[in-house]
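Notes follow once the structure below has been shown.
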Amino acid sequence: MTTMKKNMFPPGLVNNLQDVLSKKGANKNEQKQQKDDDSTETSTSSSTAGNENDSSKPVVLVTNSEGVDSLGLVYLVQALVGLGLYNVNVCAPHSDKSASGHSLTVRETITVTQAEIEGATAYEVTGTTVDCVSLALSGALFSWTKPLLVISGINRGSSCGHHMFHSGVIAGAREALISGVPSLSISLNWKREESQESDFKDAVAVSLPLINAALRDIEKGVFPKSCFLSIEIPTSPKANKGFKLSKQSMWRSTPCWQAVPANRNPSAPHFMGNQQSLGLQLAQLGRDASAAGAARRGTTPRNNEEVESVGAAKSDNKAKKYFRLEFLDKETEATDDELDFKALGNGFIAVTPVSVSLQLDSDIQTAASSWISGVLSGGAEQ
């Protein structure tokens, strides 16, 4: 059951969540019946669904920050396609871009390649999550002008509290909202020793009622326009206690920078994970650029000074140090059960409205104004 205290959330949003809760059981039965009824049609048409969109169906755009092949995204897309209610489109990073925040790729060219996800039109992009959403909504990639909803996720790991600021999955939903498109971000509170891959399927199942409710109310014009919703799913999705409207907290993991011995190869898999060392990539680019420059100098007269970029610094005797960032969970005492991480830890599906408004709270505005006024009136010279 959703419990609410007096708060500043829009009444319409509260009513929507309560409606989702009350109809959760009925929705599951309806979805199962819908899948049974449409199974024959879906199986015969799925091979062409990725290339042909039914103009009578609303468009849903799916992205994430962990890459186009991640289980959370794949299972979510499969479920949306299986409903047969939406034109599902995917634009997601080619590789893991978690913790990339709201970063855009500038002064570089990104590559877009068609991806194979049955029943959906899908592309993978050599950029960030924000690149993917920005490109998809630009009209340069897809034939449609604007989707009805953007869903960012389902990602591995919580985005509660301060994690929202550097979370790639949150940034995807934020970019959609900035562009005027309603959006949701969805994360699973993955724990290494407890979680398993099937949890992503369960996370999709518990998310669908809220996704369907959002799409329904967007079409009716009653979905909140001033915020997106961050949906945090507990570690055991099947055992969740229901949806709970929550507030963004100040919680954060403790950053821990660890020194790495110099004799460890930074490009080794255990050090860099699934990504190549950026230094090695830049070094190769530098070698290619130098070779190309040498060839040009040998065959083409130079009228202007030519400056070439080399990706790696010249070898010298300066000592290099290596560090790796780890995040450590920390215990936080909180008395407000409506905070996002608290609701999530208590087994609820935490639904947090997130705004992009830059307006300060009145107390902060007053304090800052007083300080600035004091400085401008000569206080800084004393």
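The values are calculated or read from the model by the stated rules, or taken from the named source; none is laboratory data. Just so you know, these numbers come straight off a predicted model, no measurement behind them. Here Cβ is always computed from backbone atoms with ideal geometry, including for glycine, and neighbour counts include all displayed protein chains. These area figures cover heavy atoms from the full protein model, side chains too; ligands, DNA and RNA do not enter into them. Shrake-Rupley method; radii C 1.70, N 1.55, O 1.52, S 1.80 Å.
Quick check: net charge around THR113, other residues with Cβ under 13 Å of its Cβ, Lys/Arg +1 and Asp/Glu -1? It would help to have the intermediate numbers written out before the result.
Values: positive: none; negative: ASP69, GLU116, GLU124.
Once all neighbours under 13 Å are counted, the net charge is -3.
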- line: Listed by chain and number, the residues whose amide H is under 5 Å from that of GLY101, excluding neighbours fewer than 5 places away on the same chain and using placed H, are SER167, GLY168
message: If you filter region 156-244 for GluC sites (Glu not before Pro), then keep DSSP loop positions with at most 15 other Cβ within 10 Å, what is left?
response: GLU193, GLU194, GLU197
- line: With x for Gly and Pro, the residue-by-residue ³J(HN,Hα) of region 189-203, computed from phi through the Karplus equation 6.51 cos²θ - 1.76 cosθ + 1.60 at θ = phi - 60° and given in whole Hz, is 6, 6, 10, 4, 8, 10, 7, 9, 4, 5, 4, 5, 5, 5, 5
field: Per-residue SASA entry for LYS244, accessible area with 1.4 Å probe, Å² rounded to 10
entry: 10
- line: Listed by chain and number, the residues whose amide H is under 5 Å from that of SER185, excluding neighbours fewer than 5 places away on the same chain and using placed H, are SER152, LEU229, SER230, ILE231
field: In Hz, Karplus ³J(HN,Hα) per residue of region 143-152 (6.51, -1.76, 1.60; θ = phi - 60°; x = Gly, Pro)
entry: 6, 7, 8, 7, x, 6, 8, 10, 10, 10
Accessible area, probe 1.4 Å, largest first, for residues TRP190, TRP144: TRP190, TRP144
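Where does each of PHE165, PHE200, PHE323, PHE341 land when they are ordered by accessible area, with a 1.4 Å probe and the largest first?
PHE165, PHE323, PHE341, PHE200
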message: Just to verify a number: what accessible area does THR128 come out at with the full protein assembly present, 1.4 Å probe, Å² rounded to tens?
response: 20
field: Neighbourhood net charge (10 Å Cβ-Cβ; Lys/Arg +1, Asp/Glu -1) for ALA350
entry: 0
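Which entries of LYS201/LYS241; LYS191/LYS342; LYS191/LYS238; LYS244/LYS342; LYS225/LYS342 have Cα-Cα distances beyond 19 Å here? Don't jump to the answer; show the numbers that get you there.
Values: LYS201/LYS241 17 Å; LYS191/LYS342 16 Å; LYS191/LYS238 15 Å; LYS244/LYS342 11 Å; LYS225/LYS342 26 Å.
Flagged as over cut-off: LYS225/LYS342.
For region 193-258, state the average projected area of the convex hull of the C-alpha atoms over all orientations, rounded to one decimal in nm². Display every interim value, and only then the final one.
On the way: hull surface 28.2 nm².
If you wrap the Cα atoms of region 193-258 in a convex hull and average its projections, you get 7.1 nm².
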message: Give me, ordered by chain and number, the residues 5 or more places off SER246 or on other chains with an amide H under 5 Å from its own placed amide H.
response: VAL351, THR352
LEU325 accessible area, 1.4 Å probe, all protein chains in place, Å² to nearest 10: 70
